[in-house]
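The values are calculated or read from the model by the stated rules, or taken from the named source; none is laboratory data. If you're wondering where the values come from, they're calculated on a predicted model, not measured in any experiment. Counting neighbours? That spans all protein chains shown, and the Cβs are built from the backbone with ideal geometry, glycine included.
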Amino acid sequence: MYVAVKGGEAAIANAHQLLADRRRGDRSLPAISIDQIVAQLGLAVDRVMAEASLYDRELAALAVRQARGDMIEAIFILRAYRTTLPRFGMSVPVDTAAMKIERRISATYKDLPGGQLLGPTFDYTHRLLDPSLLSDEPVAEPTRRAADESAMMRVSDILAGEGLIEGDGQMPEDHVPGDLTREPLEFPLNRDLRLQALARGDEGFLLALAYSTQRGYARTHPFVGEVRIGEVDVELDIPELGFAVSLGPIQVTECQMVNQFQGSTKNPPQFTRGYGLVFGQSERKAMAMSLVDRALRAGEFGEDIVAPAQDEEFVISHSDNVQATGFVEHLKLPHYVDFQAELDLVRRMRAEYDAKSGIDKDGAREAAE
Amino acid sequence: MDAIKQNTGMAMNGRKRAMGLLARASTAELQAGWQSIEPKPEVHPVRGPETGLVMVRGRIGGGGDAFNLGEATVSRATVRLGSGEIGHGQLLGNDREKAHLAAVFDALHQRPEHRSVVDQLIGAVERRIHAEDRKHAEQTAATRVDFFTMVRGDN
């Protein structure tokens, strides 16, 4: 029997008022603006966009502010918002070869065409706290140098020229890319659907899995063929016009992970690949995604499935932090009736146990105290 | 390619280019363009302005088959001028007013008497974007690694 219990309206309203107060904090300090969050906490904004699976810097920054900087809460808020919007269509696939490069590095070729471009990286910083950021000291304009603005060759194309690397992933003819926002997941998944899930997956979870493959749990001998960050154009077909038009640029991070050889009776030995593509500037996530993508292709290459990172159902079912937090955090919601039932049960079991073992109840209570 | 096909192709490319640049125009640029038009044309809304989502697709491995990367907010509008031309505006983000203005300029671009005003606007947008892109490319180029080899003394 269900018993409806009501109550707590006033407590909830006051709790939300208190949340708003604590979020605003000390009123003698200026409130942080959305523009400031976009401009100065850009990588937090990028993470929220990537894992909410919604590219919109302003809304992501609003979510960060509303969530008081709690990233998963911000991701949750932005995910919830996206469900209120109609979908206009699918873009033409973005062309990362035509990316306007902001950073591009390769760990496999020193002198690759276009060169190693470090861009705005934390690499090679000493990770020492910078006291100059305690105050608002002026920041110098970046140095400039003549640039080659032509499209930059992908590292995978260099190896492809020699036939030493597997091609870009092909799906069967007439395959329509799967969309996990429209259909429930059914395992096993195709690689396209896995990539969609990984692209929105929790960075921490994917990082840990990627790390586990390096430590020996599904070793894939990876090299970063290339990481590139920059802007790509999003184009949408306009049916009324019969051609695609540009909607503007988005920033993405792409990682081509090159992994050890595979050969079979059909294919000569060649490098295999894992692929990562993420909204915004998020190199760690793109690298982790590419490692996990490769690990999840174990079945395709006839590798033994021995480690968590190779287990598709395990990885994909637990990579979404909104789902994960929903289920973990629901435990704090009232379970009074459930718990009463369990309490009754354990009392009965305890009574039977005590009766059977003949322990004096008062004695047991004394021992417990 | 025969001449007619080529002309159609050029007109299509011209409109595609113009619409792409209108999508990247700032609110200030669009409003300044609108101010410069006198007398104001009659504009009827056909659809929107409205905000929705476009599923952004990537390619497996960078160049393989498509997969769904994630969605982006997009605002769009369709308008009809009193003279009958239909204009479409569509751009990333939540700014419905911008989408409306972009649609108006797309429609005006099809009218010979307004073409030069719209061309000026999109020309200015294009120059601004080129300047910004160049600046970013040059700043990135300054972070290019120049490797050098240490010459060893032992022959």
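Residue by residue through the stretch A:264-281, note down the ones that are in a strand (DSSP E or B) and within 13 Å of another protein chain (Cβ to nearest Cβ).
A:271, A:272, A:273, A:274, A:275, A:276, A:277, A:278, A:279
Please pick out the residue among A:179, A:123, A:174 that is part of a loop (DSSP other than H, G, I, E, B), within 12 Å of chain B (Cβ to nearest Cβ), closer than 20 Å to residue A:282 by Cα and out of contact with any Lys or Arg (no Cβ under 6 Å at 6 or more places or on another chain).
Numbers: A:179 fails: closer than 20 Å to residue A:282 by Cα; A:174 fails: closer than 20 Å to residue A:282 by Cα.
A:123 is the lone residue from the list that is part of a loop (DSSP other than H, G, I, E, B), within 12 Å of chain B (Cβ to nearest Cβ), closer than 20 Å to residue A:282 by Cα and out of contact with any Lys or Arg (no Cβ under 6 Å at 6 or more places or on another chain).
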Looking at A:214, A:256, A:260, can you tell me which residue is surrounded by 17 or more Cβ atoms within 10 Å (Cβ to Cβ) and not acidic (Asp, Glu)? A:256
Give the stretch B:15-46 a look and list any residue that's surrounded by 14 or more Cβ atoms within 10 Å (Cβ to Cβ) and modelled with pLDDT under 90, or say none. B:37
Is there a residue in the stretch B:58-75 that is more than 9 Å from every other protein chain (Cβ to nearest Cβ), in contact with an Asp or Glu (Cβ under 7 Å, 6 or more places away or on another chain), touching a residue at least 12 places away in the same chain (Cβ under 8 Å) and under 30 Å from residue A:176 (Cα atoms)? yes
Options A:317, A:290; residue that is assigned by TED's automatic domain parsing to the domain that holds residue A:187 and either at pLDDT below 90 or within 18 Å of residue A:72 (Cα to Cα) (or both): A:317
Using the structure shown, decide if residue A:249 is of a type outside the set (A, V, I, L, M, F, W, C), crowded, with 19+ Cβ neighbours inside 10 Å and farther than 25 Å from residue B:55 by Cβ. no
When restricted to B:109, B:88, the only residue within 7 Å of chain A (Cβ to nearest Cβ), crowded, with 20+ Cβ neighbours inside 10 Å, touching a residue at least 60 places away in the same chain (Cβ under 8 Å) and more than 23 Å from residue A:103 (Cβ to Cβ) is B:88
Sort through A:20, A:31, A:39 and tell me the only one that's without any contact (Cβ under 8 Å) to a residue 60 or more places away in the chain, farther than 21 Å from residue A:329 by Cβ and loosely packed, with under 11 Cβ neighbours inside 10 Å. A:31
Give the stretch A:133-160 a look and list any residue that's surrounded by 10 or more Cβ atoms within 10 Å (Cβ to Cβ) and either under 27 Å from the mean Cα position of the chain (by Cα) or in a helix (DSSP H, G or I) (or both), or say none. A:152, A:153, A:154, A:155, A:156, A:157, A:158, A:159, A:160
Take the conditions at pLDDT below 95, within 14 Å of another protein chain (Cβ to nearest Cβ) and either over 17 Å from the mean Cα position of the chain (by Cα) or closer than 30 Å to residue B:99 by Cα (or both) and apply them to residue A:261. Does it pass? no
With respect to residue A:313, is the statement that it is out of contact with any Pro (no Cβ under 9 Å at 6 or more places or on another chain), among the acidic types (Asp, Glu) and in a helix (DSSP H, G or I) true? no
Any residue at all in the stretch A:45-55 that is surrounded by 11 or more Cβ atoms within 10 Å (Cβ to Cβ), among the basic types (Lys, Arg) and without any contact (Cβ under 8 Å) to a residue 40 or more places away in the chain? no
Scan the stretch A:341-369 and report the pairs whose first residue is part of a helix (DSSP H, G or I) and whose second residue is among the charged types (D, E, K, R) and modelled with pLDDT of 85 or more, with Cβ atoms within less than 9 Å and a gap of 6+ or a chain change. A:361/A:354; A:364/A:354
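Somewhere in the stretch A:214-227, is a residue within 11 Å of chain B (Cβ to nearest Cβ), under 14 Å from residue A:283 (Cα atoms), touching a residue at least 40 places away in the same chain (Cβ under 8 Å) and in a strand (DSSP E or B)?
Let us first name the residues in the stretch A:214-227 that are within 11 Å of chain B (Cβ to nearest Cβ), namely A:225-226.
Those still in the list that are under 14 Å from residue A:283 (Cα atoms) too: A:225-226.
Adding the requirement that they be touching a residue at least 40 places away in the same chain (Cβ under 8 Å) leaves A:225-226.
Remaining after also requiring in a strand (DSSP E or B): A:225-226.
Within the stretch A:214-227 (the criterion being within 11 Å of chain B (Cβ to nearest Cβ), under 14 Å from residue A:283 (Cα atoms), touching a residue at least 40 places away in the same chain (Cβ under 8 Å) and in a strand (DSSP E or B)), the answer is yes, since at least one residue qualifies.
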Cβ-Cβ distance below 8 Å, separation of 6 or more or different chains: which pairs start in the stretch A:187-212 with a residue that is assigned by TED's automatic domain parsing to the domain that holds residue A:279 and end on one that is crowded, with 17+ Cβ neighbours inside 10 Å and aromatic (Phe, Trp, Tyr)? A:191/B:67; A:192/B:67; A:193/B:67; A:195/A:275; A:195/B:67; A:196/B:67; A:199/A:279
